[in-house]
Amino acid sequence: MDKFIYHGGTDKSRKEQIEKDFPLDQMTLYKLSPIRASIGVKEVRELISSIASTSIRPKLVYIESADLLTNAAENALLKTLEEPPSDTKLVLSCDNLLSLLPTIRSRCQSVRVQTQKGLELEENLSIFKECMQASPGVRINLADSFSPDRETNLLYLNRVLTSLRPKLSSTTGSSLQIILQIASACTQAYEELKANCNVRLVLYNLFLALPKTRG
């Protein structure tokens, strides 16, 4: 089978595993990465169109964060999964395998990527940890370092919330309270961004709402 779904682990660990499994220096790479909070039909159709071009080397089609594909985008991808071009391998990367449609999953080989426990949470929350040990003025400066792009921040907050969910059932005491406060602040910020509130003000409110911790 030349169609694969790499899932689990972190974005970084999945990418590293894919680079180990495929000789990228000997292949023509067609990569689709999210630039907004979702990957739509237009982007998928453009990708499919691009791989129709001829290449003297084998092709690797790599869809990063495939769990951000809309249902319509996944359906647009189905025909290519059913009848992939010759000498072409298709790789989808996602956090959660079940986030993809059953019709997508049934046509691909599943590859679960293992990673060090808690690594994804550490990666996504690194700037939050710095913020929670800082004064209000420093928090504002950290918020200013974030991109002003609405879709970029929606994507980031979605990843943070996804990272936090497993911790809610395995953490107790004061640590659980901190995680709940972070999750609440991120959820509110996400909803405000979706409601088209001012991005910079949402970030300021988010960073100021994060709980105070000691270094």
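A few points about this structure:
- Taken over segment 194-215, the criterion of being part of a loop (DSSP other than H, G, I, E, B) and either over 18 Å from L161 (Cβ atoms) or hydrophobic (A, V, I, L, M, F, W, C) (or both) is satisfied by A195, N196, C197, N198, L210, K212, T213, R214, G215.
- Some residue of segment 53-63 being under 24 Å from Y156 (Cβ atoms), outside the structural domain of L157 (by TED's automatic domain parsing) and modelled with pLDDT under 90: no
- Only one of the numbered conditions (1) modelled with pLDDT under 90; (2) more than 27 Å from A66 (Cβ to Cβ); (3) surrounded by fewer than 16 Cβ atoms within 10 Å (Cβ to Cβ); (4) of a type outside the set (D, E) is not met by A209, and that is (1).
- Residue match in segment 159-171 (condition: surrounded by 14 or more Cβ atoms within 10 Å (Cβ to Cβ), assigned to a helix (DSSP H, G or I), assigned by TED's automatic domain parsing to the domain that holds L68 and among the charged types (D, E, K, R)): no
- Check on S86, under 30 Å from Q26 (Cα atoms), loosely packed, with under 13 Cβ neighbours inside 10 Å and hydroxyl-bearing (S, T, Y): yes
Conditions tested, residue by residue: (1) within 24 Å of A72 (Cβ to Cβ); (2) modelled with pLDDT under 80.
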site	(1), (2)
P102	yes, no
C108	yes, no
V113	no, no
K117	no, yes
I127	no, yes
I140	no, no
L157	yes, no
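- S49 more than 30 Å from A195 (Cα to Cα), polar (S, T, N, Q) and surrounded by fewer than 18 Cβ atoms within 10 Å (Cβ to Cβ): yes
The values are calculated or read from the model by the stated rules, or taken from the named source; none is laboratory data. Just so it is clear, the model here is predicted, and its values are computed rather than measured. Neighbour counts are summed over all protein chains in view; Cβ atoms, including those assigned to glycine, are modelled from backbone coordinates with ideal geometry.
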